Amino acid sequence: MVEFGDFECPFCKRAEDTVKQLRTKYGDRIKLVYMDFPLPNHPHALDAAKAARCAGEQGKFWQYHDQLFADQSKLAPPDLKADAKKLGLDTTKFDACLDQAKYEADVQRDVAEGKRLGVDRTPTFYIDGRMIGDAQQAAKFEEVIGEELAAKNGIKQAAAH
C-alpha cells in the first residue's frame with residue numbers, strides 16, 4: 001500500500017486513523033510506503049517532508065511522521081527541530097540534515113512519480129497499483145486489500161452484488 005501524502009494536509013491527517021486501523025488489522029501482511037507529495041499551497045509541507053526523511057536517517061521516520069500529524073500547526077523549521085529533540089534524535093545531525101536540504105531531491109522525485117501516476121491531491125493511495133483516491137473509509141481499503149491478498153494466494157472471491 002502506497003500513500004502519497006502531505007504533512008500539512010488536513011485530509012491526510014484524517015486518513016491517518018484509517019491507515020492505523022489497517023496496519024493493526026493486517027500487520028505484516030501489508031507494507032505501507034509513504035511517498036511525499038507536498039502541495040504548493042501548504043507553505044511548510046516541503047520542509048516537513050525533508051525533516052521526516054532526516055528523522056528516518058536515525059531510524060525514527062514513523063515516530064516523526066506521527067508527531068507531524070499530531071500537531072499540524074507546528075511545521076515551521078524551528079518546530080521541526082523541536083520535534084526531533086522531543087523524539088530523542090541526535091539534533092546536531094538532524095539540524096544539519098534539515099538545514100542543508102539533504103533530501104529535497106528525493107522529495108521532488110516522489111512528487112514527479114506521483115504526477116506520472118496521475119496524483120493530483122492528497123492523500124492518494126495505491127494498493128498493488130490500484131488507485132484509491134482521497135481518504136476512503138476503512139471498508140473500501142479492506143475490500144481492495146482482501147481482493148489483492150486473495151489474488152496473491154490464488155483464491156477467487158465471489159463478487160458482491
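So which of Gln67, Gln58, Gln63 is in contact with an Asp or Glu (Cβ under 9 Å, 6 or more places away or on another chain) and more than 23 Å from Pro43 (Cβ to Cβ)?
On inspection, the qualifying residue turns out to be Gln58.
Do you know which residues across segment 4-35 are of a type in the set (D, E, K, R) and either surrounded by fewer than 20 Cβ atoms within 10 Å (Cβ to Cβ) or more than 9 Å from the chain's Cα centre (by Cα) (or both)?
Let us first name the residues in segment 4-35 that are of a type in the set (D, E, K, R), namely 6, 8, 13-14, 16-17, 20, 23, 25, 28-29, 31.
The answer is Glu8, Lys13, Arg14, Glu16, Asp17, Lys20, Arg23, Lys25, Asp28, Arg29, Lys31.
Looking at Ile155, is it more than 15 Å from the chain's Cα centre (by Cα), on the phi < 0 side of the Ramachandran plot and at pLDDT below 95?
Yes: the conditions hold for Ile155.
If you scan segment 69-103, which residues turn out to be under 16 Å from the mean Cα position of the chain (by Cα) and of a type in the set (D, E, K, R)? If you could, list the steps in order and put the result at the bottom.
Kept after step one, since they are under 16 Å from the mean Cα position of the chain (by Cα), are these residues of segment 69-103: 69-72, 75, 103.
Listed by number, the list holds a single entry, Asp71.
Condition first: of a type in the set (Gly, Ala, Ser) and either assigned to a helix (DSSP H, G or I) or touching a Pro at 6+ places or on another chain (Cβ under 8 Å) (or both). Now tell me which residues in segment 79-94 satisfy that. Explain how you work it out, then say what you get.
To start, the set of residues in segment 79-94 that are of a type in the set (Gly, Ala, Ser) comprises 82, 84, 88.
Correct list: Ala82, Ala84.
Give the residue that is surrounded by the most Cβ atoms within 10 Å (Cβ to Cβ), with candidates limited to residues of segment 100-142 that are outside any helix (DSSP H, G or I) and polar (S, T, N, Q).
Thr122
Kindly provide the set of residues from segment 1-34 that are of a type in the set (Gly, Ala, Ser) and part of a helix (DSSP H, G or I), ordered by number.
Scanning segment 1-34 gives Ala15, Gly27.
The values are calculated or read from the model by the stated rules, or taken from the named source; none is laboratory data. Owing to the predicted nature of the structure, the values given are computational and were not obtained by experimental measurement. Heads up, the Cβs are rebuilt from the backbone with ideal geometry, glycines too, and the neighbour counts pull from every protein chain shown.
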